[in-house]
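Visitor: Sharing a structure here in structure tokens format.
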Amino acid sequence: MNSSKRGTREEVAIRVWQEIGSESVGAAELERIQKVVIKELGAGAVDSPASVARTLADAGARLRHPEILECDTRWREERLFSFVTRGEFGFNSVAEAVASFARLEQLRQEFAAAADELRLGHLRQLALQLRREFALLSGLKSVEESQRVLARELDQWLAVWLQTPELFTDWLSLRRRSPEFIKTLESDT
């Protein structure tokens, strides 16, 4: 295969598909095309698998739709979740959790300002997943009581954030001054 030629991303996609020699296009072909586009034009030139598939369909390719949908979904999830990694969030103490919620809210505001509904949805999914994890953790007898208490507290924080994110920062400030919070989690702040 001679992939050293350059062109537009559409031209590269069509050329690579022709070099592959397959009448139909699915995940393997799309992933190979994306690699060549990255190599020749850079990562910023990569289109979604669905977009590449449309270009190839216009050029006469027969599409293997289920594979394309799966490939496109996987690609989008990887890109959309690349805005945040679980490693940048910490929940082992109140101090870590406060910092993590500040980051969560910062991302929410950025995505809302950009009207990026897709990333807002993924951020919400992350919060829902964390709630499930905190709910599970809070019920495990094998976990220290202090961590179960913290997990229950953080589950409550997420519930408020999910319902009224615009009010969350003010609510959290009030919550941290409440007698209940000070009594149960004061030593963790």
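Visitor: Consider Gly60 carefully, then state whether it is on the phi > 0 side of the Ramachandran plot and at pLDDT 90 or above.
Guide: Criteria met by Gly60.
Visitor: So, in the range 131-189, exactly how many residues are under 16 Å from Ala102 (Cβ atoms) and outside any helix (DSSP H, G or I)?
Guide: Qualifying residue count, the range 131-189: 1.
Visitor: Output the residues belonging to the range 104-124 that are modelled with pLDDT under 90, part of a helix (DSSP H, G or I) and loosely packed, with under 13 Cβ neighbours inside 10 Å.
Guide: Glu117, Leu118, Gly121, listed by residue number.
Visitor: Might you let me know whether the range 100-122 holds any residue that is farther than 30 Å from Arg76 by Cβ and without any contact (Cβ under 8 Å) to a residue 60 or more places away in the chain?
Guide: no
Visitor: While we're here: Would a scan of the range 145-152 turn up a residue that is more than 15 Å from Asn92 (Cα to Cα) and either in contact with a helix residue (DSSP H, G or I) (Cβ under 8 Å, 6 or more places away or on another chain) or not assigned by TED's automatic domain parsing to the domain that holds Phe89 (or both)?
Guide: Within the range 145-152, none of the residues are more than 15 Å from Asn92 (Cα to Cα) and either in contact with a helix residue (DSSP H, G or I) (Cβ under 8 Å, 6 or more places away or on another chain) or not assigned by TED's automatic domain parsing to the domain that holds Phe89 (or both).
Visitor: Continuing with this model, one more query. Pick out, from the range 1-69, the helices (runs of 4 or more DSSP H) lying fully within it that include 3 or more residues that are β-branched (Val, Ile, Thr).
Guide: 9-20, 27-41
Visitor: Evaluate the following for Leu172: is it buried (at least 16 other Cβ atoms within 10 Å of the Cβ) and without any contact (Cβ under 8 Å) to a residue 40 or more places away in the chain?
Guide: When the stated conditions are applied, Leu172 does not pass them.
The values are calculated or read from the model by the stated rules, or taken from the named source; none is laboratory data. All figures in this text were calculated on a predicted structure; none of them were measured in a lab. Backbone-built Cβ (ideal geometry, glycine too); neighbour counts: all protein chains shown.
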